[in-house]
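Notes for the one structure printed next.
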Amino acid sequence: MINIRDISIKCGHCGGYQTLCAYEPRGEWNVYTYECENDRCDPAVTRTLVEVPRELDEFARRDPNWRGGGRHGAEGGPEAGNEGN
Ligand SMILES: [Zn+2]
């Protein structure tokens with residue numbers, strides 16, 4: 001299993017860590033969008049997309065309806081997404 005929270009995304013431009021700001025399921029993949037939160041980088045240029053195979057995505061399973069843009073984990077319980085286990 002992959003938990004996106006265990007992965008650090010660092011910007012090759014400013015050297016800072018990027019912040020998870022969006023999540024979108026796309027078929028077999030869950031796509032996480034990371035952006036720099038500083039004045040040095042234009043998010044439109046330095047944005048990073050991380051694709052995680054849906055089957056391995058532990059993070060999204062906890063709350064499949066999470067769309068990003070907020071703090072994850074506030075809602076959604078462990079009842080979500082146990083298909084296949
Ligand atoms: Zn940056």
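Quick look at the values:
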item	result
Subset of segment 32-56 [modelled with pLDDT of 90 or more and crowded, with 16+ Cβ neighbours inside 10 Å]	TYR32, THR33, TYR34, GLU35, CYS36, CYS41, THR46, ARG47, THR48, VAL50, VAL52, ARG54
Residue check for GLY68: modelled with pLDDT under 90, in a loop (DSSP other than H, G, I, E, B) and small (Gly, Ala, Ser)	yes
All positions within segment 35-55 that are more than 10 Å from the ligand (Cβ to nearest atom) and in contact with a helix residue (DSSP H, G or I) (Cβ under 9 Å, 6 or more places away or on another chain)	VAL50, VAL52, ARG54
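The values are calculated or read from the model by the stated rules, or taken from the named source; none is laboratory data. Quick caveat: nothing in here was measured; it's all calculated off a predicted structure. Neighbour counts run over all protein chains shown; Cβ positions are idealised from the backbone, glycine included.
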